[in-house]
Protein chains: 2
Amino acid sequence: MAPPTETLTAERILEATEDVLRRHGPAKATVVDVARALGVSHGSVYRHFRTKAALREAVTKRWLDRTSQKLAGIVDADGSPQERLRAWLAGLFEAKRHKAGDDPELFATYTVLTDEVGTVVGEHIADLTGQLTRIIAAGAGSGAFPVPDPAAAARAVFQATGRFHDPHYARAWTAPGVDEEFTAVVDLLIRGLSSPSR
Amino acid sequence: MAPPTETLTAERILEATEDVLRRHGPAKATVVDVARALGVSHGSVYRHFRTKAALREAVTKRWLDRTSQKLAGIVDADGSPQERLRAWLAGLFEAKRHKAGDDPELFATYTVLTDEVGTVVGEHIADLTGQLTRIIAAGAGSGAFPVPDPAAAARAVFQATGRFHDPHYARAWTAPGVDEEFTAVVDLLIRGLSSPSR
DNA sequence: CAGCTGACAGATTTCAATATCTGTCATTCC
DNA sequence: GGAATGACAGATATTGAAATCTGTCAGCTG
């Protein structure tokens, strides 16, 4: 169970933590468990993370960042701003839905963790709306999205699509007809962004 | 504590239940408490409601219906479809925010109850989107909202504004800037509905 | 000496015994 | 006879004592 004597690094601790969370769930995962999985004393874990909460935050950040990175590629991809916006929103929905569907228990675990909010979730959302802003700003430049304030528009789009990325709605993502609902909302928003008036 | 010998009616039981919920919260409110508040045995309560769950559902339905009724007045009010749509969405947001702000504990109590979903919440949402559909259909008739399927558009609008009526977001309703966020989302949606293309 | 350990105090969680609650129904009351 | 009661069985919640966990730190180890 104890792996060969590699140096104990924050990264290795995070991997072990993810493992322990997957096995025991958020309620029963202890830092003693994490230490045991690494073959060290729990005191050593506290050398790298000041508190259990900090450890949980770090592991949550890792998880969220994986999604951000996947989407970052779409921001500067080819295609019109409309196409990129649509692809980005679809990518976000798809990523979340996939995570929720593949391993519901792990997804539930991370949903609990994200609810123990620190600043991590807020930063993740800021990151995502930042990506959205860049797409919409490109459209503002080209005249495709005649909006006065791309950042405000990005926030509005992000909030309006919450039902398709907020984990609270995860159960609804398997219902028949969600894809049509998603398309209906996105169409409406893109038409709103594209509308010249005002 | 026992009121004068009126006949025991479902309505009186619901009033007492609301009271008990307000006092004890959702976790500790028992049907024995309700019976005691009415000065009857708990067996009598079971004559009117088959189970505790049914009683909770009924009291929740009452609470939700009060909001529906307030909004129903706006559907057939004067003004253009745009104006009525805006007023209706603002009314929904205002009603929810008011309930949440006035008595946070009671609101939290009902949030718990609505999460114990039966069919009640679904019916409430169907009711609300029905009202929305009527406004949008009026706009479709007059050419103000050139949409092919008013009911689908209504669902999209309802879902896109979830952040401003779904109780899960109640904490965000007191943050500074929510009103601007609300306006930004609603503007975007109304522009989308008004856009002739497609 | 830098990194790790393990014993410790206080906080939190678990577990099992006890108390309360839900839902039923034979009986009482008007 | 229709409505209400209260005793009852099984399910659920509460409680307090014991076990475990978190976070610290003096000392060990390589």
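Distances from A:GLN69 to itself in the other copies, using label points 7 Å out along the Cα-Cβ axis, amount to 5.6 nm in increasing order. How many angstrom lie between the Cα centre of the range A:3-49 and the Cα centre of the range B:16-79? What the calculation gives is 48 Å, centre to centre. Both radii come from the Cα set of the range B:1-132: Rg as radius of gyration, Rh as Kirkwood radius; their ratio Rg/Rh reads 1.05.
Label-point distances for B:SER80 to the equivalent site in the other copies, using a point 7 angstrom along Cα→C-beta, read 2.7 nm when ranked shortest first.
A simple count of charges around A:GLY192, restricted to other residues whose Cβ falls under 9 Å of its Cβ and scoring Lys, Arg +1 and Asp, Glu -1, yields +1.
Remark: the range B:134-147, residue by residue, has Karplus-estimated 3J(HN,Hα) of 5, 5, 5, 4, 4, x, 5, x, 7, x, 5, 10, x, 10 Hz, where x stands for each Gly or Pro and the curve is 6.51 cos²θ - 1.76 cosθ + 1.60 at θ = phi - 60°.
Taking R0 as 25 Å, what's the FRET efficiency between A:LYS70 and A:TYR46 from their Cβ-Cβ distance, rounded to 0.05?
Values: r = 33 Å, r/R0 = 1.30.
Computed FRET efficiency for A:LYS70 and A:TYR46: 0.15.
Between the listed residues A:LEU188, B:ALA35, A:ALA170, the Cα displaced farthest toward the positive end of the dipole of the protein assembly as shown, a dipole computed from Cβ unit charges relative to the Cα centre, is found at B:ALA35.
Of the residues making up the range B:144-174, those losing 30 Å² or more of accessible area when the isolated chain is joined by the remaining protein chains, with a 1.4 Å probe, are B:ALA156, B:GLN159, B:ALA160, B:ARG163, B:HIS168, B:TYR169.
Across the options A:THR7, A:THR161, A:ALA95, the greatest Cα extent toward the positive end of the charge dipole of chain A (unit charges at beta carbon of Lys, Arg, Asp, Glu) belongs to A:THR7. On the principal axes of its alpha carbon atoms, the range B:59-194 extends 44, 34, 23 Å, with the longest extent given first.
I'd like the FRET efficiency for A:GLU123 and B:ARG23, computed as 1/(1 + (r/R0)^6) with the beta carbon distance as r and R0 of 45 Å, rounded to 0.05.
Approximately 0.65, to the nearest 0.05.
Rounded to the nearest 0.05, what FRET efficiency do A:SER142 and B:GLU180 give with R0 = 22 Å and r taken as the Cβ-Cβ distance? Could you check?
Values: r = 26 Å, r/R0 = 1.18.
The calculated FRET efficiency here is 0.25.
Pairs of C-alpha atoms in the protein assembly as shown farther apart than 32 Å represent 48 percent of all such pairs. Remark: label point of A:ALA27 defined 7 Å out from Cα along the Cα-Cβ vector; separations to the same position in other copies 1.3 nm, ascending.
In the protein assembly as shown, with Lys and Arg counted as +1 and Asp and Glu as -1 at Cβ, which of these residues, B:PRO146, A:ALA53, A:ALA138, has the Cα nearest the positive end of the dipole, that is, farthest along it? In the protein assembly as shown, that residue is A:ALA53.
How large is the accessible surface per residue of the range A:85-147, computed with a 1.4 Å probe and reported in Å² as a whole number? Can you show the working numbers first?
On the way: 2660 Å² over 63 residues.
Per residue, the range A:85-147 has an accessible area of 42 Å².
For the range B:21-124, a simple Cβ point-charge model (Lys and Arg +1, Asp and Glu -1, everything else neutral) yields a dipole of about 440 debye relative to the Cα centre. Accessible area lost on pairing A with B, both sides, 1.4 Å probe, Å² to nearest 100? In total, chains A and B hide about 2000 Å² from solvent.
Calculated mean residue ellipticity, 222 nm, the protein assembly as shown: -24000 deg cm²/dmol, from DSSP H runs (n ≥ 4) at -39500 (n - 2.57) each, averaged per residue and rounded to 500. Within the accessible surface of the range A:58-194, defined with a 1.4 Å probe on protein heavy atoms only, the carbon and sulfur portion equals 56 percent. For A:LYS28, the lysines whose Cα comes closer than 17 Å to its Cα, not counting residues fewer than 8 places off in the same chain, are A:LYS52. What lysines sit close enough to B:LYS70 to cross-link, taking a C-alpha to C-alpha distance under 20 Å and skipping anything fewer than 8 places away on the same chain? Partners within reach: B:LYS61, B:LYS96, B:LYS99. Compactness check for the range B:1-49: Cα Rg over 2.2 N^0.38 Å is 1.03.
The values are calculated or read from the model by the stated rules, or taken from the named source; none is laboratory data. Computed from a predicted model, the values in this text were never measured in an experiment. Here Cβ is always computed from backbone atoms with ideal geometry, including for glycine, and neighbour counts include all displayed protein chains. Side chains are part of the model used for accessible areas, which takes the heavy atoms of the whole protein and leaves out ligands, DNA and RNA. Shrake-Rupley method; radii C 1.70, N 1.55, O 1.52, S 1.80 Å.
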